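Here the structure is laid out as structure tokens; the discussion comes afterwards.
The values are calculated or read from the model by the stated rules, or taken from the named source; none is laboratory data. Computed from a predicted structure; not experimentally measured. Note that each Cβ is placed from the backbone with ideal geometry, even for glycine, and that neighbours are counted across all protein chains shown. Heads up: the accessible areas ignore ligands, DNA and RNA and are worked out on the full protein's heavy atoms, side chains in. Shrake-Rupley method; radii C 1.70, N 1.55, O 1.52, S 1.80 Å.
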Amino acid sequence: MLCVEDLMNLAPFQQLPKARLEWVCDRAQVLTLQPGEVLVHEGDPHRGLFLLVEGQMSITRRSDGMEIPIGQHNPPSFFGEIPILTGEPVPVTMRALRGCRLYEVESDDFRTLLHECRDFEQMVFRIMQQRARGLESFIRGREKMAALGTLAAGLAHELNNPAAALVRSFREMPAAVLELQRMNLVYGQRQVEEAHTQQWLQLRDQGYDVILNDRLDPATLSDREEALLEWLEDYEVKEAWKLAEPLAEGGMEVEALEQIIERWRDDTTELREMGLHWLALSFEVMSMLKHGLRGAERIAELVKAMKSYSYLDQGVQQQVNLHQGLEDTLRLFAHKLKHGIEVKRHYDQQIPNVLAYGSELNQVWTNLIDNAIDGMDGKGTLDVITQQIDRCARIDIIDSGSGIPAEIQTRIFEPFFTTKAVGKGSGLGLETVRRIVENRHHGTLTFESKPGKTSFTVCLPLH
């Protein structure tokens, strides 16, 4: 049975009269836990107030499928007051690290004590406030790390293709260049007249222009490749299928090749068809360079977007281009958007820059766009609209998802409130958005939601 002396070891209970302490001892139910046994799981309905007399309890919270330790309870201590007083599910999982002896005071009895003794109530609320702040601080840190992880994963996904193209191009380049040099030496030994050589060079340069400027559409390219393959096979070129594609990409026509190769038709050496191999390989090298360059440009573009998104090497507050921040954020979400979400931009290009905390504003766009993507389950339309109204910049982020249920719309900005599964959402995303918009930038944040259309509107003052 719980003793009065056990209660007196807990500061809030020192404020209660002895009669009430004895009343608590009579009504408290004893609990014993073996090491590893769970007292409450995150997301469970609230129970009573727990008094830990012996043992040690771990406190964990799920984040991205993992249980993250956030603290411990050692005797003498009490816990469980937060879900009782807020009416919310249990925010953490509590598990015995060592054999534990606890007592549970029913929630109605705990409320009775609060109502009867003001000093007890004040001390409990002060401790609860400290614990809530600690939990919020931990979750904010995890939110930032989760956001960073999401962006890093997206960035890695977006970097993969251009990086692979760059590696592939440079891996194949040395052998191709060496073979071109060999062909040039063999050709040079024949001391061919300058005019004929210029014809080959002219064809090559024309092909380079076609490749670098993408002058052929896919349909034309396919038809030309078929025609070239048939001609190459008639000319009895070895591995004609390998030459048809690069020659087609270079825009070569059968008539031009027939004319330039005519003088070599009866040659018994490799020169009979070497000019065709030289053209095809030259075009392949140029295609490698083009794809490698585009891969490098894409990598540079993504790095620039990430640097711009995070506002590296800049002051805390600066003149911010809203459209640049929105575009940087959309670019970092490209891996989620490109598989079923159409983005429609309606930008008022006359909006001036805003004096703001750039990286924090981008955190706002990140949370709102990420929520919109989740709300559409990866399929739908995302509208991003900017306009200037009086002395304010208005930004609307609208998704075509299922909407926010009417019964919870009044609660979506509450700290820790979330409709997502345990471990999937902290309930601080929209609270963070509102804090940044309203407290840090003296703006306003509103929303409207119905099935098929959810709109979040941010208004920022223009100074």
Estimate the FRET efficiency between Glu106 and Asp390 by the formula 1/(1 + (r/R0)^6), using the beta-carbon distance for r and 56 Å for R0, to the nearest 0.05.
0.50
Can you list residues whose amide H is under 5 Å from Ser402's amide H, if they're 5+ apart or on another chain and H is modeled 1.01 Å from N?
Gly452
Hey, which of these cross-link pairs are over 26 Å Cα-Cα: Lys304/Lys450; Lys290/Lys344; Lys344/Lys450; Lys304/Lys336; Lys304/Lys379?
Lys304/Lys450; Lys290/Lys344; Lys304/Lys379
Give me a comma-separated list of calculated 3J(HN,Hα) values for segment 163-172, in order, Karplus coefficients 6.51, -1.76, 1.60 applied at θ = phi - 60°, integers in Hz, x for any Gly or Pro.
5, 5, 5, 5, 5, 4, 4, 6, 5, 8
For labels at Gln191 and Val177 in the simple 7 Å Cα→Cβ model, what's the distance in nm?
3.1
Aspartates and glutamates near Lys453 by alpha-carbon distance under 14 Å, same-chain residues fewer than 8 away left out - which ones?
Asp374, Asp377, Asp383, Asp396, Asp399
Distant-in-sequence amide H partners of Glu54 (H built 1.01 Å from N, under 5 Å)
Arg101
Against the longest alpha carbon principal axis of the chain, how many degrees, from 0 to 90 and to the nearest 10, is the axis of helix 218-234 turned?
40
For His346, His46, what's the largest-to-smallest order of accessible area, 1.4 Å probe?
His346, His46
Show that you can apply the helix-only estimate: for the chain, add -39,500 (n - 2.57) for every DSSP H stretch of four or more residues, divide by all residues, and state [θ] at 222 nm to the nearest 500.
-17000 deg cm²/dmol
Convert each backbone phi in segment 184-192 into a coupling constant with the Karplus relation 6.51 cos²θ - 1.76 cosθ + 1.60 (shift: θ = phi - 60°), then list the ³J(HN,Hα) values in order as whole Hz, x for Gly and Pro.
4, 5, 4, 5, x, 5, 8, 6, 6
Contact order relative to length for the chain, counting C-alpha pairs under 8 Å separated by 6 or more residues, stands in percent at 12
Leaving ligands, DNA and RNA out of it, report the carbon-plus-sulfur percent of the accessible area of the chain at a 1.4 Å probe.
51
What do you get for trypsin sites (Lys or Arg not before Pro) in segment 230-268 restricted to DSSP loop and a cutoff of at most 13 other Cβ within 10 Å of the site's Cβ?
Lys238, Arg265
Give me, ordered by chain and number, the residues 5 or more places off Val92 or on other chains with an amide H under 5 Å from its own placed amide H.
Gly43
Against the longest principal axis of the chain, how steep is helix 358-375, in degrees 0 to 90 to the nearest 10, with axes from Cα atoms?
90
Mean accessible area per residue over the chain (1.4 angstrom probe, all protein chains present, square angstrom) is 53
Which of the following values of Cα extents along the principal axes in Å was calculated from the structure shown: (i) 67, 56, 48; (ii) 118, 59, 41; (iii) 62, 61, 44?
(ii)
Phi to ³J(HN,Hα) by Karplus 6.51 cos²θ - 1.76 cosθ + 1.60 over segment 6-23, Hz, x for Gly, Pro:
5, 5, 5, 6, 9, 3, x, 6, 5, 7, 8, x, 4, 5, 6, 4, 5, 4
